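Undergrad: Structure in structure tokens, see below.
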Amino acid sequence: MTTSGGPTENPFLEIKDLAVAFPTEDGLVRAVEGVSLSIERGRTLAIVGESGSGKSVTAQAIMGLIDRKSAKMTGEIWLDGQELVGMPADELQALRGGKVAMIFQDPMSSLHPFYRVGSQITEAINAHRKMGAKAARAIALDMLRRVGIPAADRRIDDYPHQLSGGMRQRVMIAMALINAPELLIADEPTTALDVTVQAQILELIASLQGEFGITVIMITHDLGIVADVADEVAVMYGGRIVEVAPTGVLYAQPEMPYTLGLLSSIPRMDRELSERLEPIPGNPPSPISLPPGCVFQPRCTYSDRVAAGACLNVRPELLETSAGHLVRCHLPAEERRQISRDVLNVLAGGS
Amino acid sequence: MTTEAGEILRVSDLRTYFPVRSHGLIPHVVGQVKAVDGVSFTVGSAETLGLVGESGSGKTTVARSVLMLVRPTGGEIVIDGQEITHLSSKALMPMRRKAQMIFQDPYNALNPRHTVGGIIGAPYRIQGIQPPGGVRTAVQALMERVGLNPEHYNRYPNEFSGGQRQRIGIARAIALRPKLIVCDEPVSALDVSIQAQIINLLRDLQHEFGLSYLFVAHDLAVVRQISHRVAVMYLGHLMEMAPRNTIYAAPLHPYTHSLLSAVPIPDPVLQKGRSRIMLEGDLPSPINPPSGCVFRTRCFQAQERCSVEVPPLVELEPGHYVACHFPVATLPAGVGIARDVLETEPGVSASGLQPAGGQVSSAQLDSLPADDRPDSTPLRPQERVRRSR
Ligand SMILES: Nc1ncnc2c1ncn2[C@@H]1O[C@H](COP(=O)(O)OP(=O)(O)O)[C@@H](O)[C@H]1O
Ligand SMILES: Nc1ncnc2c1ncn2[C@@H]1O[C@H](COP(=O)(O)OP(=O)(O)O)[C@@H](O)[C@H]1O
Ligand code: SF4
Ligand SMILES: [Mg+2]
Ligand SMILES: [Mg+2]
């Protein structure tokens, strides 16, 4: 993955310098600033970060779900050669649920409580192609089976409230996939589920991706899920991408101090226990009053190593440190790598 | 029954059922939710017992029952030597000095109309205790101790972040220097960097005050970090209970194996080479639990016997309790987590507990009395053990 230059052929999805801000009574909420990303067809990109870092707003921007009357949005989003930011609302509408689809943490944000799940799916079919009721129902039933709904021929006439959380999640996935999308954005799709059901859903998404060649953006705060599903990872903090890397590189050679902080904060089952975790001190910044320099500076334990107080005053840029690996940090690359080796060594049980 | 020396909580055969009412004009009881159905465990002094399980397994009901926030249907609860299930609300007051609770949701657990000082100081007023130096001094010392700015004494909960609100809840819980704190998902709603701060705080307070925790959570990695022993719950029953390292490195119950294998590990090399045991479907209804072993409808080990006979919770090796007719020591290669890493862990020092060590050998199983001996049948054909991809 690259954000600039790059291969001659255009990536399937390319975001350039996206910014989304919401004017509110308390001030301007800078939810997303300077986000640039690209994904090749058929790959899985994970966007990881804590709550409020701008993950969902980025997803909503790609889906054309940002209300242009109340929010300020700039930048470019190119999907398979089409620019989405300036696209008229009716064309965006046609893309949504067709070429691009989205699933959410809460399935009831896609499902209507008063309609049977089958009729909601057939309605989604009819929004994009015309066919008879019988044929549509047959396609809906087939999809419900594919996402692993047991006794789908009976469940198709259930109302959402008659289904368990895991089953509702599957129905939402069936609905998202019904028009064979090329891009699926999954925004924390398993956060509300138990690990056992989460395993089922992740497995389902992976197998459907294999079957249909879908490109997936997986939004999560769980570094375990990222390790499980992602080809590439973008780490978000304070409305910006602070590190991008192929998944293996992000875990083996993370360079941004925030990424290191995340990896040190999580208790994990695959390592020797350490008596204490090493949390990132303090709290995330408010998007209304972001720090003027590096947005992570107030919590960064390494910023005093950078000359002339640059971290306090100058916004670092997202720069390539090795092929496909970009980092937004003022620390010299050699110093970052040394810090990274030291931190990972401690995490691995060394000292 | 009383608690043994060094034991702060003893729960015996706890049952908490909720009535299910019809929705008709004259509502009447049509059934029972057996939220907790015969659960027994102890928590030692300065020990943390982790309680894990899927949502709906009855963890919160255990937590609330232990503190009599919901009246148990049956069983005994002994806190610091005193049986409490027969006590009136008034007679429970002295118990509340010894045992406190921390809740999951720092947003709902605090009264928004009270100042932080009022919230943290409430236990003194309720118990009619005048701390040395006065309530304000004591509360500000508590605020300092849990990492809050004592100058924020007069602020309201909505002025604090999620992590800070959880600190408020913790300060209130430790105000009366209790011996036991029941924590119900205390870090589940927090972001990982804040979660780590709170876990460290709870650990430090335990060392400082000799606190015991009953720590309820669904995140297995969090529970491993904080617990000395772990109990695994499913549909109102304990499935397995053992020292921490045994649960994570050498579990025997098929449900524990399934849970552990489902947790994605933050290491792409390990994780992408792992397999999961897929549990089919969801938790059955606790109104109509399966006959025999409640886990049998989702279990890869289940056989005929599991549907007719309830497996008792049996001590298969010292301190390691398992409720299963067909426990499994070894999973097929690639399933589960990297055991070699876990087995080299040092013992747990805080409570003097030692891990029970390796897996149950056939010799150990043979030495069990015949009635307690689980049938050691090899794992069934692997149709339900799937590769990740
Ligand atoms: N419609 C909106 N109006 C005002 N602020 C918003 C709106 N949507 C999101 N935000 C704010 O933008 C920031 C980023 O939000 P979001 O993308 O939802 O974060 P994440 O998904 O990473 O948790 C947050 O501070 C959030 O409160
Ligand atoms: N007050 C109540 N009335 C009726 N049913 C309840 C009540 N509280 C809990 N339950 C039921 O008891 C079971 C266990 O719930 P709970 O203890 O909250 O589980 P957990 O905390 O493990 O998710 C669930 O089926 C739940 O619906
Ligand atoms: S008793 Fe049977 S059904 Fe229950 S966990 Fe053991 S093998 Fe599975
Ligand atoms: Mg979000
Ligand atoms: Mg609960």
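Undergrad: Under a Cβ-Cβ cut-off of 14 Å, what is the net charge of the residues other than A:ARG145 that fall near it, where Lys and Arg count +1 and Asp and Glu count -1? Before the final figure, lay out each step's value.
TA: Details: positive: A:ARG137, A:ARG146, A:ARG154, A:ARG155, A:ARG170; negative: A:ASP142, A:ASP153, A:GLU211.
So the environment of A:ARG145 carries a net charge of +2.
Undergrad: Can you give me the accessible area per residue for the stretch A:53-172, using a 1.4 Å probe, in Å²?
TA: Working: 6020 Å² over 120 residues.
That works out to 50 Å² for each residue.
Undergrad: Pull up all non-local amide H partners of B:ILE102: gap of 5 or more, or a different chain, and H-to-H distance under 5 Å with H placed in the peptide plane.
TA: B:VAL182, B:CYS183, B:ASP184
Undergrad: Picking from A:THR259, A:ALA310, A:ILE288, whose Cα lies most toward the positive end of the charge dipole for the stretch A:256-350 (charges on Cβ: Lys, Arg +1; Asp, Glu -1)?
TA: A:ILE288
Undergrad: I'd like the antiparallel share, as a percent to the nearest 5, of DSSP beta bridges with both residues in the protein assembly as shown. Working shown, then result.
TA: Details: 63 of 100 bridges.
For the protein assembly as shown, the DSSP antiparallel bridge percentage is about 65.
Undergrad: Dipole of chain A, Cα-centred, from +1 at each Lys and Arg C-beta and -1 at each Asp and Glu C-beta, to the nearest 20 debye?
TA: Working: 32 positive and 42 negative charges, 157 e Å.
Charge dipole, chain A, about its Cα centre: 760 debye, nearest 20.
Undergrad: Moving to a separate point now. Which far-off residues, 5 or more places away or on another chain, put their amide H under 5 Å from the one on A:ARG43, with H placed in the peptide plane?
TA: It is A:VAL216, by chain and number.
Undergrad: Please calculate the 1.4 Å probe accessible area of A:HIS112, with all protein chains present, and give it to the nearest 10 Å².
TA: Rounded to the nearest 10, the figure is 80 Å².
Undergrad: Calculate the mean, over all residues of peptide B:279-285, of how many other protein chain Cβ atoms lie within 10 angstrom of the residue's Cβ. Present the calculation step by step, with values, prior to reporting the outcome.
TA: On the way: counts 6, 4, 8, 10, 5, 0, 1.
Mean partner shielding for this stretch: 5.
Undergrad: Same structure again: What is the packing order of peptides B:249-260, B:90-101, taking the mean over residues of other C-beta atoms within 10 Å and listing the highest first? Could the numbers behind the result be given before it?
TA: Details: B:249-260: 26.2, B:90-101: 16.4.
Answer by packing, highest mean first, reads B:249-260, B:90-101.
Undergrad: Okay, next question. What's the FRET efficiency of B:ALA91 with B:ASN111 using the Cβ-Cβ distance as r and R₀ = 22 Å, to the nearest 0.05? Please report the intermediate quantities before stating the final value.
TA: On the way: r = 26 Å, r/R0 = 1.16.
Step by step, r from the Cβ atoms, then E = 0.30.
Undergrad: Apply the Karplus curve 6.51 cos²θ - 1.76 cosθ + 1.60, θ = phi - 60°, to the phi angles in the stretch B:126-143 and return the couplings in whole Hz, x for Gly and Pro.
TA: With the stated coefficients, the stretch B:126-143 comes to 4, 8, x, 10, 9, x, x, x, x, 5, 4, 4, 5, 5, 5, 5, 5, 4 Hz.
Undergrad: Could you give the length gained by full extension between B:LYS272 and B:SER291, i.e. 0.36 nm per residue of separation minus their alpha carbon distance, to one decimal place? Intermediate results must be reported in sequence, preceding the final value.
TA: Numbers: separation 19, 0.36 × 19 = 6.84 nm, distance 3.69 nm.
Full extension from B:LYS272 to B:SER291 adds 3.2 nm.
Undergrad: Explain nothing, just the number: dipole magnitude of the protein assembly as shown about its Cα centre with +1 on each Lys and Arg Cβ and -1 on each Asp and Glu Cβ, in debye rounded to the nearest 20.
TA: Numbers: 70 positive and 77 negative charges, 333 e Å.
Around 1600 debye, computed over the protein assembly as shown.
Undergrad: Full extension from A:SER289 to A:LYS130: what is 0.36 nm times the residue separation minus their Cα-Cα distance, to one decimal in nm?
TA: Values: separation 159, 0.36 × 159 = 57.24 nm, distance 4.95 nm.
Here the answer is 52.3 nm.
Undergrad: In addition: When the accessible area of the protein assembly as shown is computed with all protein chains present and a 1.4 Å probe, what percentage of it is carbon and sulfur? Please list the in-between numbers first.
TA: On the way: 15720 of 30430 Å².
Carbon with sulfur: 52 percent of the solvent-accessible area.
Undergrad: Need one number: buried accessible surface between chains B and A, 1.4 Å probe, both sides summed, DNA, RNA and ligands left out, in Å² to 100.
TA: Chains B and A together bury approximately 4300 Å².
Undergrad: Just to be sure I understand the model, the point goes 7 Å from the Cα along the line to the Cβ. What's the resulting B:GLU208 to B:ALA122 distance in nm?
TA: It works out to 2.2 nm between the two label points.
Undergrad: So how strong a dipole does the stretch A:95-177 carry about its Cα centre when Lys and Arg Cβ are +1 and Asp and Glu Cβ are -1, to the nearest 20 debye? Before the final figure, lay out each step's value.
TA: Details: 13 positive and 6 negative charges, 56 e Å.
Using only the charged Cβ atoms, the result is roughly 260 debye.
Undergrad: For the charge dipole of the protein assembly as shown, defined by +1 on Lys and Arg C-beta atoms and -1 on Asp and Glu C-beta atoms about the Cα centroid, which residue among B:ASN200, A:ASN126, A:SER56 has the Cα displaced farthest towards the positive pole?
TA: A:ASN126
Undergrad: Measure off 7 Å from each Cα along the Cα-to-Cβ vector at B:ARG71 and A:ASP17, then give the distance between these two points in nanometres to one decimal.
TA: 7.0 nm
Undergrad: Work out the charge dipole of the stretch A:108-180 with +1 on the Cβ of Lys and Arg and -1 on the Cβ of Asp and Glu about the Cα centre, then indicate which of A:TYR159, A:PRO113, A:ILE173 is farthest towards its positive end.
TA: A:ILE173
Undergrad: What length, rounded to one decimal in nm, is gained on full extension from A:GLU317 through to A:ASP67, with 0.36 nm per residue of separation minus their alpha-carbon distance?
TA: Working: separation 250, 0.36 × 250 = 90.00 nm, distance 2.82 nm.
Answer, rounded to one decimal: 87.2 nm.
Undergrad: To continue, here is another question. Considering only Cα-Cα distances, which of the following residue pairs are longer than 21 Å: B:LYS34/B:LYS179; A:LYS69/A:LYS130; B:LYS59/B:LYS90; A:LYS16/A:LYS72? Display every interim value, and only then the final one.
TA: Working: B:LYS34/B:LYS179 29 Å; A:LYS69/A:LYS130 32 Å; B:LYS59/B:LYS90 26 Å; A:LYS16/A:LYS72 16 Å.
With Cα atoms farther than 21 Å apart: B:LYS34/B:LYS179; A:LYS69/A:LYS130; B:LYS59/B:LYS90.
Undergrad: On a straight-distance basis, which aspartates and glutamates could pair with B:LYS98 in a cross-link, Cα separation under 12 angstrom, same-chain partners fewer than 8 positions away excluded?
TA: Within the straight-line limit of under 12 Å, B:LYS98 reaches these aspartates and glutamates: B:ASP80.
The values are calculated or read from the model by the stated rules, or taken from the named source; none is laboratory data. Small disclaimer: the values here were computed from a predicted structure and weren't measured. Positions of Cβ are generated from backbone atoms using ideal geometry, with glycine treated the same way; all protein chains shown enter the neighbour counts. Accessible surface areas use protein heavy atoms only, side chains included; no ligands, DNA or RNA. Shrake-Rupley method; radii C 1.70, N 1.55, O 1.52, S 1.80 Å.
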